[in-house]
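The structure appears below as structure tokens.
The values are calculated or read from the model by the stated rules, or taken from the named source; none is laboratory data. Here the structure is a predicted model, which means the values were calculated and not measured. Glycine gets a Cβ as well: all are built from the backbone with ideal geometry, and neighbour counts include every protein chain shown. These accessible areas exclude ligands, DNA and RNA; they are computed on the full protein's heavy atoms, side chains included. Shrake-Rupley method; radii C 1.70, N 1.55, O 1.52, S 1.80 Å.
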Amino acid sequence: MTMQEENKSSNYITLLTLVAALGGMLFGWDTAVISGTVSSLDSYFIAPLGLAEYEANSLLGTLVSSALIGCIIGGAIAGMLSQRFGRKKMLIVSAALFFVSALGSAFPEIGFYSIASEDANQALPQFIFYRILGGIGVGMASMLSPLYIAEIAPAKIRGRLVSYNQMAIVTGIIIVYFVNYLISLQGDDSWIQTLGWRYMFASEMIPAAIFFGLLFTVPESPRWHALKGHDDLAKETLTKLHGNEAAETEFKQIKQSLSHHASSKLFSYGLLVVVIGVLLSVFQQVIGINAVLYYAPEIFKDMGSGTSAAMLQTIIVGATNVVFTLVAIFTVDRYGRKPLMIFGALGMSIAMITLGFSFYNDSKGIMVLIAMLAYVACFSLSWGPVCWVLLSEIFPNKIRSIALSLAVAAQWVTNYLVSWSFPMMNNNSYLIEQFNHGFAYWIYGGMSLLAAFFVWKFVPETKGKSLEEMENLWQTDTQTETDFAKQTAS
């Protein structure tokens, strides 16, 4: 391949990556938009019910995390559906779900009740329904976008390209933080609680429509075509991606991997690869990142900030997320996956423990902001992007979509539990009296330590390996799972 052809191929792959990564941006947008609406949803839907403290906190946690129910469903079904219908078609479905959810969450009375109805709580079930619908889109995109990118990317830059998806996620988060902040400036707290929150949810309709349209311009994954026996289409796409000579070589490797291991059952490569993938997903959530991102404005209010100031500080958190995700993009293929994951987990543990002691000692002020920024920085250069890189590449071709779907579903189950439990820990009168809002952060700090140990002990390094070479790690007929555990620990 000439230099000109190589540049053309590289540009084409990057373009496809950016389109697929819009699913990540909508993932971030949809999950973070809730951060600016928590107090409004509490005031609009929950406060009028006159519930006891425990019931109100539990319902608020359910309301905020309702989309995660859909994420669990979306993550669980995406593998099966993409295995049957293709990665591209299911990404298109996820884009449509994003759009419908944005409209319905902004105006949950649509098709049910008048917007002018005085009894706003009549719309509560509809609001939850639309958030769940959007969650299905998020769950599908969270699995399909990195999967699609990994299946079109060359091995030597796959880590960087898959990290673009995480970059898109954090970009979506910071954009919606700005959107929420700008909307909050348009009126006082009363206006935000009655109307402003609707504009925050409706803002997602614009990027959802763009994503939907652009998806019709990208090809299907060549590995899916090969898996389905569409050899001509697989070769055609691979040629566009890598040129004639490289395409032929890669096509032979793909077909060899598919024929070498006939079974496509989930555990046909052994239990270990699936367990490692699931635990990577679980640890990415129990370290507490989404409690920080979803409830960032509320955390800053705990340290005495007003609504606008809290949202502005949240933007600083989002900017830190973006900057250090860029660091990961430029280091993941140079230093490898394991060093970044271990370093990041240790840094997050220190930051969370520090944050907990800051609240416990009532020494909030700037220390809370510094600890949160350090935590987000460590997450963004490690467990944010690099975890998705590992999940998209460790599974063999035959079981990749199903195994990744299971891991993503486990991730969203854990995300739901963390998001649901955080307000119960953070707003509980007894825990506030004993720990002054510090308790939850110590839990997350301990989980971060366990995450570092898990990666060091059990996760293999995958830098520079092709997706087909990954299968050599999991061939149970030539290497027992015990032997592999010893190898990865060394």
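Scan region 154-175 residue by residue and report those that are closer than 14 Å to Val327 by Cα, touching an Asp or Glu at 6+ places or on another chain (Cβ under 9 Å) and open to solvent by 20 Å² or more (accessible area, probe 1.4 Å).
Result: Arg160, single match.
Of the residues that make up region 281-295, is at least one assigned to a loop (DSSP other than H, G, I, E, B), under 30 Å from the mean Cα position of the chain (by Cα), at pLDDT 75 or above and not hydrophobic (A, V, I, L, M, F, W, C)?
Yes, that holds for at least one residue.
Can you find a residue that is open to solvent by less than 10 Å² (accessible area, probe 1.4 Å) and part of a helix (DSSP H, G or I) anywhere in region 49-62?
Yes, some residue in region 49-62 is open to solvent by less than 10 Å² (accessible area, probe 1.4 Å) and part of a helix (DSSP H, G or I).
So, in region 176-185, how many residues would count as being hydrophobic (A, V, I, L, M, F, W, C) and open to solvent by less than 10 Å² (accessible area, probe 1.4 Å)?
Of the residues in region 176-185, 1 are hydrophobic (A, V, I, L, M, F, W, C) and open to solvent by less than 10 Å² (accessible area, probe 1.4 Å).
Quick one: how many residues across region 393-438 are assigned to a loop (DSSP other than H, G, I, E, B) and over 30 Å from Met80 (Cβ atoms)?
5
Quick one: which residue in Tyr375, Tyr360 is farther than 22 Å from Ser163 by Cβ and touching a residue at least 60 places away in the same chain (Cβ under 8 Å)?
Among Tyr375, Tyr360, only Tyr360 is farther than 22 Å from Ser163 by Cβ and touching a residue at least 60 places away in the same chain (Cβ under 8 Å).
Before we move on, is Ala21 farther than 18 Å from Leu133 by Cα, surrounded by 19 or more Cβ atoms within 10 Å (Cβ to Cβ) and out of contact with any Asp or Glu (no Cβ under 8 Å at 6 or more places or on another chain)?
Yes, satisfied.
Evaluate the following for Ile394: is it within 25 Å of Leu450 (Cα to Cα), among the hydrophobic types (A, V, I, L, M, F, W, C) and surrounded by fewer than 24 Cβ atoms within 10 Å (Cβ to Cβ)?
When the stated conditions are applied, Ile394 does not pass them.
Mind checking whether some residue in region 43-59 is under 26 Å from Val170 (Cβ atoms) and touching a residue at least 60 places away in the same chain (Cβ under 8 Å)?
No, that holds for no residue.
From the list Pro108, Pro125, which one is surrounded by 19 or more Cβ atoms within 10 Å (Cβ to Cβ) and either out of contact with any Ser or Thr (no Cβ under 9 Å at 6 or more places or on another chain) or modelled with pLDDT of 90 or more (or both)?
From the options Pro108, Pro125, the qualifying one is Pro108.
Between a residue in region 184-200 that is touching a residue at least 12 places away in the same chain (Cβ under 8 Å) and any residue that is polar (S, T, N, Q) and open to solvent by 80 Å² or more (accessible area, probe 1.4 Å), which pairs come within a Cβ distance under 9 Å, given they are 6 or more apart or on different chains?
Taking only residues 6 or more apart or on different chains, the pairs are Ile192/Gln186; Gly196/Gln186; Tyr199/Gln186.
Yes or no, residue by residue, for (1) of a type in the set (Gly, Ala, Ser); (2) touching a Leu at 6+ places or on another chain (Cβ under 9 Å); (3) outside any helix (DSSP H, G or I):
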site: Ser358; (1), (2), (3): yes, no, no
site: Ile366; (1), (2), (3): no, no, no
site: Val376; (1), (2), (3): no, yes, no
site: Trp383; (1), (2), (3): no, yes, yes
site: Trp388; (1), (2), (3): no, no, no
site: Leu391; (1), (2), (3): no, yes, no
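Condition check ((1) more than 25 Å from Trp224 (Cβ to Cβ); (2) open to solvent by 10 Å² or more (accessible area, probe 1.4 Å)) across all residues:
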{"site": "Leu373", "(1), (2)": "yes, yes"}
{"site": "Gly384", "(1), (2)": "yes, no"}
{"site": "Ile402", "(1), (2)": "no, yes"}
{"site": "Leu417", "(1), (2)": "yes, yes"}
{"site": "Ser429", "(1), (2)": "yes, yes"}
{"site": "Ile432", "(1), (2)": "yes, yes"}
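Any residue in region 74-88 that is hydroxyl-bearing (Ser, Thr, Tyr) and either open to solvent by 10 Å² or more (accessible area, probe 1.4 Å) or without any contact (Cβ under 8 Å) to a residue 60 or more places away in the chain (or both)?
No, that holds for no residue.
Determine the pairs where a residue that is within 16 Å of Leu340 (Cβ to Cβ), located within region 452-475, has a partner that is of a type in the set (Gly, Ala, Ser) and at pLDDT 70 or above with Cβ atoms under 7 Å apart, the partner being 6 or more residues away or on another chain.
Qualifying pairs under 7 Å: Ala452/Ala345; Val455/Ala345; Glu461/Gly336; Lys463/Gly159; Lys463/Gly336; Gly464/Ala155.
From the residues in region 313-335 that are aromatic (Phe, Trp, Tyr) and within 16 Å of Ala168 (Cα to Cα), which one is surrounded by the fewest Cβ atoms within 10 Å (Cβ to Cβ)?
Once the filter is applied, the top-ranked residue is Phe330.
Considering every residue within region 136-145, establish whether at least one is open to solvent by 10 Å² or more (accessible area, probe 1.4 Å), at pLDDT 85 or above and either assigned to a helix (DSSP H, G or I) or not aromatic (Phe, Trp, Tyr) (or both).
Yes, some residue in region 136-145 is open to solvent by 10 Å² or more (accessible area, probe 1.4 Å), at pLDDT 85 or above and either assigned to a helix (DSSP H, G or I) or not aromatic (Phe, Trp, Tyr) (or both).
Considering each residue of region 179-218, count those that are farther than 30 Å from Leu233 by Cβ and outside any loop (DSSP other than H, G, I, E, B), and give that number.
22
Going through region 434-468 one residue at a time, which ones are open to solvent by 40 Å² or more (accessible area, probe 1.4 Å) and either within 30 Å of Ala155 (Cβ to Cβ) or touching a Cys at 6+ places or on another chain (Cβ under 7 Å) (or both)?
Those that are open to solvent by 40 Å² or more (accessible area, probe 1.4 Å) and either within 30 Å of Ala155 (Cβ to Cβ) or touching a Cys at 6+ places or on another chain (Cβ under 7 Å) (or both): Phe453, Trp456, Lys457, Phe458, Glu461, Lys463, Gly464, Lys465.
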